[in-house]
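Notes follow the structure.
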Amino acid sequence: MLLNIFYIAIALLALSFSIFIHELGHFIAAKKRGLIADRFSIGFGPRLFGWKWRGTDFRISLLPLGGYVSLPQLADMGRLEGGEEDENQDLPPISYADKMIVAVMGAVFNIIFAFCLSLILWGVGREIILTTEVNLVPKEILNHEGTPVPGPAYAAGIQEGDQVITIDGIKIRNWGDIDNVIMTGTQRDDSGRALAEIEVLRDGETKRFTVHPELIDVGIDSIRSIAVTPGKGTDIIVLQVQESMPAFEAGMLPGDKILALDGQAITSSAFLSLYLDKHEGGLIDVSVLREEQEVVLPIEPRIAKGETRPRFGFAYGYDIPTVRVHLNPVEQIVAMARQMKQTLTALVSPKSDVKVGNMSGPIGIVHGLTAMARFGWIDLIWFLALINVNLAIFNVLPIPVLDGGHMTFATYRKLTGRPVPRRIMEGSFTICIILLLSFMLYVSYRDVLRVGLDAGFIEDKPNGTPPEVTQPEKPETAETSQIEDLTAGDAENAETNNE
């Protein structure tokens with residue numbers, strides 16, 4: 001318990017520091033340009049506590065949805081951010097350059113922070129699945145409805161040993177690229193089926209395939225998958241055993257390697273799911289390798305409350321070889337920005353399967369940071385760099401409540417010679433805040449479900465269909481803004497499943 005609290009505290013500190021860095025950029029730029037900065041807040045809404053120093057009220061506010069520096073000369077948003085009406089009257093005007101520099105410096109500071117973190121990763125290296133060679137192509141998988149369907153890659157003709165070169169015209173550099181491009185795909189055929197154009201290298205010859213990805217369950221989310229793995233899919237390692245479920249009662253332990261069910265050797269990554277789907281009841285002899293000795297655990301799968309199918313009650317991953325790479329900071333930041341672009345494009349595209357429900361808020365970000373802290377400080381640093389890159393990108397989008405909104409208003413005034421009417425400015429800000437709060441309620445609910453499922457407090461996804469096939473063990477996701485992240489991320493290092 002104390003260890004969990006420690007990891008959560010690290011996660012909260014990391015997220016808060018990223019927000020602080022962003023707002024520090026605005027604050028320093030404002031002071032250097034001679035602007036008035038009367039409030040520096042972590043959070044929005046009413047002030048909880050803080051202190052005043054050199055004319056600035058440094059405060060912690062009620063709603064932990066990000067933060068802001070109040071700059072009355074930049075835009076008249078004081079009343080909505082917690083200030084007083086007409087607080088910018090009689091203040092000296094500022095130039096267009098002042099507005100643009102101050103608005104953009106929050107993003108610049110996030111990029112600088114991400115660059116510093118990437119320097120550390122450049123030096124120590126980071127383990128990733130570097131290969132793009134397919135080592136397993138299952139003939140059959142379970143889709144998000146729990147129905148056995150042909151494996152998409154197998155049905156399209158992709159074979160073991162094929163090396164993926166491009167997907168939808170995007171160059172593939174490592175296995176994480178495969179996962180990301182497929183999950184954020186935006187192509188569909190005339191019938192509405194998802195599709196992906198995949199180019200592979202086979203025996204020195206380039207071949208092209210049209211694959212129809214299937215939706216599979218990852219926790220409470222459904223994502224696109226073509227059902228290929230870089231590992232054999234047979235080296236299945238138990239990562240977590242759910243209390244009160246049959247596997248726990250039978251004595252299964254994290255670290256056990258699953259060898260066979262009723263004497264039938266594991267033949268694919270989907271073997272466990274398919275075997276359970278066809279099981280007619282009674283004990284199953286689960287053979288595991290523990291400390292170089294084979295142990296047989298008789299386990300009878302059970303249907304948990306609220307579920308429709310029996311499960312053992314353990315999460316597992318695959319033992320997939322990784323390579324320690326030393327990418328320079330520019331390469332790392334470009335890759336993170338590319339991932340963010342793919343995710344945002346998928347989010348706004350009606351042809352993708354990335355929806356608002358796949359996003360997360362502060363709870364999800366903290367949960368991801370907590371998981372990374374457990375994996376190790378290298379993974380935590382990488383994830384924190386990713387968050388800061390995405391904070392930078394998202395905040396320069398032309399949305400009224402973000403820095404990009406201030407830049408848009410300032411540019412409008414520069415081009416037209418007149419300011420955006422206050423009524424329109426405040427109206428757009430208010431509408432965005434209402435939408436943002438509604439969004440936060442929804443994604444926070446989804447975050448609670450994800451955290452509950454991972455912690456074992458919630459035994460199934462809301463619709464009663466248990467998660468199958470693949471789920472990233474490390475939540476390497478593309479984050480957004482001060483408060484959001486998109487969970488359509490890459491699984492570079494390992495995968496987990498629930499059975």
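When restricted to residues that are touching a strand residue (DSSP E or B) at 6+ places or on another chain (Cβ under 9 Å) and in contact (Cβ under 8 Å) with a residue 12 or more places away in the chain, the range 37-59 contains 16.
Close Cβ contacts (under 7 Å, 6 or more residues apart or on different chains) running from residues in the range 342-369 that are over 30 Å from F6 (Cβ atoms) to residues that are in a loop (DSSP other than H, G, I, E, B) and of a type in the set (G, A, S) comprise A346/S352; S352/G185.
Matching residues to (1) modelled with pLDDT of 90 or more; (2) over 30 Å from the mean Cα position of the chain (by Cα); (3) surrounded by fewer than 22 Cβ atoms within 10 Å (Cβ to Cβ); (4) within 27 Å of L12 (Cβ to Cβ):
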site: K32; (1), (2), (3), (4): yes, yes, yes, no
site: A37; (1), (2), (3), (4): no, yes, no, yes
site: R54; (1), (2), (3), (4): no, yes, yes, no
site: D57; (1), (2), (3), (4): yes, yes, yes, yes
site: V69; (1), (2), (3), (4): no, no, no, yes
site: G82; (1), (2), (3), (4): no, yes, yes, yes
site: N88; (1), (2), (3), (4): no, yes, yes, no
site: A97; (1), (2), (3), (4): yes, yes, yes, no
site: G106; (1), (2), (3), (4): yes, no, no, yes
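Going by what's in this entry, would F248 be described as in contact with a Ser or Thr (Cβ under 9 Å, 6 or more places away or on another chain), under 19 Å from R302 (Cα atoms) and aromatic (F, W, Y)?
Working: in contact with a Ser or Thr (Cβ under 9 Å, 6 or more places away or on another chain): no; under 19 Å from R302 (Cα atoms): yes; aromatic (F, W, Y): yes.
It is false that F248 is in contact with a Ser or Thr (Cβ under 9 Å, 6 or more places away or on another chain), under 19 Å from R302 (Cα atoms) and aromatic (F, W, Y).
Listed by first and then second residue, the pairs with beta-carbon distance under 7 Å, at least 6 apart or on different chains, first residue in the range 131-149 and within 16 Å of T267 (Cβ to Cβ), second of a type in the set (S, T, N, Q) and assigned to a strand (DSSP E or B), are N135/T229; L136/T229. If the condition is being surrounded by fewer than 22 Cβ atoms within 10 Å (Cβ to Cβ) and not hydrophobic (A, V, I, L, M, F, W, C), then the range 390-405 contributes P398, G404. Can you confirm whether the range 147-170 contains a residue that is more than 23 Å from L347 (Cα to Cα), crowded, with 23+ Cβ neighbours inside 10 Å and of a type in the set (G, A, S)? Yes: the range 147-170 contains one or more residues that are more than 23 Å from L347 (Cα to Cα), crowded, with 23+ Cβ neighbours inside 10 Å and of a type in the set (G, A, S). Taking strands (runs of 3 or more DSSP E) as the structural unit, no element lying wholly within the range 293-358 holds at least 1 residues that are of a type in the set (S, T, N, Q) and surrounded by 15 or more Cβ atoms within 10 Å (Cβ to Cβ).
Tell me whether the range 324-344 contains one or more residues that are farther than 30 Å from L117 by Cα and in contact with an Asp or Glu (Cβ under 8 Å, 6 or more places away or on another chain). Show your work before the answer.
From the range 324-344, those farther than 30 Å from L117 by Cα are none; that's our starting set.
No; the residues of the range 324-344 include none that is farther than 30 Å from L117 by Cα and in contact with an Asp or Glu (Cβ under 8 Å, 6 or more places away or on another chain).
Report whether or not A227 is on the phi > 0 side of the Ramachandran plot, touching a residue at least 24 places away in the same chain (Cβ under 8 Å) and of a type in the set (A, V, I, L, M, F, W, C).
Numbers: on the phi > 0 side of the Ramachandran plot: yes; touching a residue at least 24 places away in the same chain (Cβ under 8 Å): yes; of a type in the set (A, V, I, L, M, F, W, C): yes.
In short, yes.
Can you pull out every residue in the range 311-366 that is hydroxyl-bearing (S, T, Y) and more than 12 Å from the chain's Cα centre (by Cα)?
Within the range 311-366, Y316, Y318, T322, T345, S349, S352 qualify.
Counting the residues of the range 252-279 that are in a loop (DSSP other than H, G, I, E, B), surrounded by fewer than 16 Cβ atoms within 10 Å (Cβ to Cβ) and touching a residue at least 24 places away in the same chain (Cβ under 8 Å) gives 4. For the subset of the range 171-217 comprising residues that are in contact with a Phe, Trp or Tyr (Cβ under 9 Å, 6 or more places away or on another chain) and in contact (Cβ under 8 Å) with a residue 40 or more places away in the chain, which member is surrounded by the most Cβ atoms within 10 Å (Cβ to Cβ)? So the residue we want is I198.
In this structure, does V366 turn out to be within 20 Å of M340 (Cβ to Cβ), buried (at least 19 other Cβ atoms within 10 Å of the Cβ), touching a helix residue (DSSP H, G or I) at 6+ places or on another chain (Cβ under 9 Å) and not aromatic (F, W, Y)? For V366, the condition - within 20 Å of M340 (Cβ to Cβ), buried (at least 19 other Cβ atoms within 10 Å of the Cβ), touching a helix residue (DSSP H, G or I) at 6+ places or on another chain (Cβ under 9 Å) and not aromatic (F, W, Y) - is met.
The C-beta contact set for the range 407-425 (first residue free of Cβ contacts under 8 Å to residues at least 60 places away in the same chain, second residue of a type in the set (F, W, Y), distance under 7 angstrom, 6+ apart or interchain) comprises V420/F409; V420/Y412.
Please tell me if I42 is outside any loop (DSSP other than H, G, I, E, B) and at pLDDT 90 or above. So that I can check it myself, show each step before the final result.
Values: outside any loop (DSSP other than H, G, I, E, B): yes; at pLDDT 90 or above: no.
Criteria not met by I42.
The values are calculated or read from the model by the stated rules, or taken from the named source; none is laboratory data. No experiment lies behind these values; they were computed from the predicted model shown. Reconstructed Cβ throughout: ideal geometry from the backbone, glycine too, with neighbour counts over all protein chains shown.
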